[in-house]
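Presented below is the structure to which this report refers.
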Amino acid sequence: MSHDPEFQADESSAVELPVLRLKHHEERRVAAGHLWIFSNEVDTKATPLTAFAPGALAAVRSDRDKFLGYAYVNPHSLIAARIVGRARGFAPGPSLIVHRLRVALALRERLYTEPYYRLVHGESDALPGLVVDRYGDVLVAQIATAGMEVQKEAIVAGLEKVVKPRVIVFKNDSGSRELENLPKYVEAALGELPETVSVREQGLSFTAPLAAGQKTGWFYDQAANRRQFLPLLKGAARVLDVFSYAGGWAVAAARDGAEVTCIDSSAGALEAAERNAAANGVSIRTIKDDAFTALEALHAAGEKFDAVIIDPPAFIKRRKDAPKGEAAYKRINQLAMQLLPRDGLLVSCSCSYHLESDALLDAIQRSGRHLSRFVQVLASGGQSPDHPVHPAIPETRYLKAFLCRVTHD
Ligand code: SAH
């Protein structure tokens, strides 16, 4: 951090922030590297949470008055505070954001030759509650916390300074905002709100809906799995892409020579997939239906596919949904396997943090047993490296993917 002159400038002007005092022994998780402080860990007698406005900054201290870091506070949230910096002399503010953005950009510039990636991945880039995806000179940001919402102007200024984009969009419409009492909205903070975003991936050009699309528009987290798995799918004559969205997997498989069918419940997603196929000189078949229903119908019609890709939305959003969610993963894998010929390939993914990698593998294995199939795992993957994992925060490691060969017993 010492080579960033602006960042150093803050040192002399370290501000005294109000203290957020933790209870006895409750500093351990933060001291071990985690960034979150839960409301029941705060000594609210000494420092009432209600004294903080949502998003206000604080200096976090242990019961023995040890300085633990700077954090932003939200008295209305179960996660009452998130650490934004641990260096005493460097109070949080616009120049810390600029510094963090520079460090984040340096990683992506090391990893990618083209400007299409997740630029900021929240806690994992030491900017808790902020996600920024880059589509060339268009940046799409998502703020999940009151603390980051307060910093919005500084985020825009920082992005302008570090990335010099043409457009900055806030796609602040995710469900998690409710947990922080934040309103939902989509707006352009710089330039005009585009209807679509454009991506280059695997030598292909894609556009995806923005305001009407999923998340920030594109699933960069799957890019590494597509790069790893798709070459191994070459030779599959018929490919089925279930939960296809805008065709990230499908169009690449079609380019590699497969006859591709996409299933998605969203008409907009399938229109985007068709547009993307056409833009890359291939065509695909689409089925607009609930995936479970569509897979059953394809089976009833006797259709077979040499490779089936299942990349569903998170079936387990909260821990209490785990039993139902696990059953859904098992069911969808079983329905997919039924469509494979005697020797086929299955790509099975889960973006549910609450489903461990071994549990997904177990769902695949059980589906295989149920259908008397023999399963071999050929490759496995996680989220792309522009979605780094914070080693102290297990929630930041969420995506798993397996490429399996499935044969008859
Ligand atoms: N495979 C995509 C990402 C999938 S996102 C990619 O690599 O880019 C999940 C998709 O599942 C969304 O497009 C959503 O519209 C679709 N979806 C959600 N629930 C569904 C259901 N029950 N049946 C079919 N599609 C569904």
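Overview of values
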{"read-out": "Q214-K234 pseudo-label distance in nm [points 7 Å out on the Cα-to-Cβ vector]", "value": "2.7 nm"}
{"read-out": "DSSP loop GluC sites (Glu not before Pro) with at most 15 other Cβ within 10 Å excluded, longest remaining stretch of the chain", "value": "17-191"}
{"read-out": "Chain lengthening between A392 and T50 when straightened (0.36 nm per residue, less Cα-Cα)", "value": "120.3 nm"}
{"read-out": "Contour minus Cα-Cα distance for A87 and D137 (0.36 nm per residue)", "value": "14.8 nm"}
{"read-out": "Rounded, prolate or oblate (a/c below 1.5 giving rounded, otherwise prolate when a/b exceeds b/c) for the chain by Cα gyration tensor", "value": "prolate"}
{"read-out": "Loop-located trypsin sites (Lys or Arg not before Pro) in the stretch 198-277, at most 11 other Cβ atoms within 10 Å (DSSP)", "value": "K234"}
{"read-out": "Neighbour cut-off at most 11 other Cβ (10 Å), DSSP loop, trypsin sites (Lys or Arg not before Pro), the stretch 114-158", "value": "none"}
{"read-out": "In the stretch 198-408, lysine pairs closer than 19 Å at Cα, eight or more apart or cross-chain", "value": "9"}
{"read-out": "Beta bridges per DSSP with both ends in the chain, % antiparallel, nearest 5", "value": "70 percent"}
{"read-out": "Extension gain (nm, one decimal) between R366 and R342, 0.36 nm per residue minus Cα-Cα", "value": "6.9 nm"}
{"read-out": "Where trypsin sites (Lys or Arg not before Pro) fall in DSSP loop in the stretch 342-400, at most 12 other Cβ within 10 Å", "value": "R342"}
{"read-out": "Proximal aspartates and glutamates relative to K23, as straight alpha-carbon distance under 20 Å, when same-chain residues fewer than 8 apart are discounted", "value": "E41, D43, D63, D65"}
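Values quoted throughout were computed directly from the atomic coordinates according to the rules given, and no laboratory measurement underlies them. Note that the structure is a prediction, hence the values are computed from the model and not measured. Every residue, glycine as well, gets a Cβ built from its backbone with ideal geometry; the counts of neighbours run over all protein chains shown.
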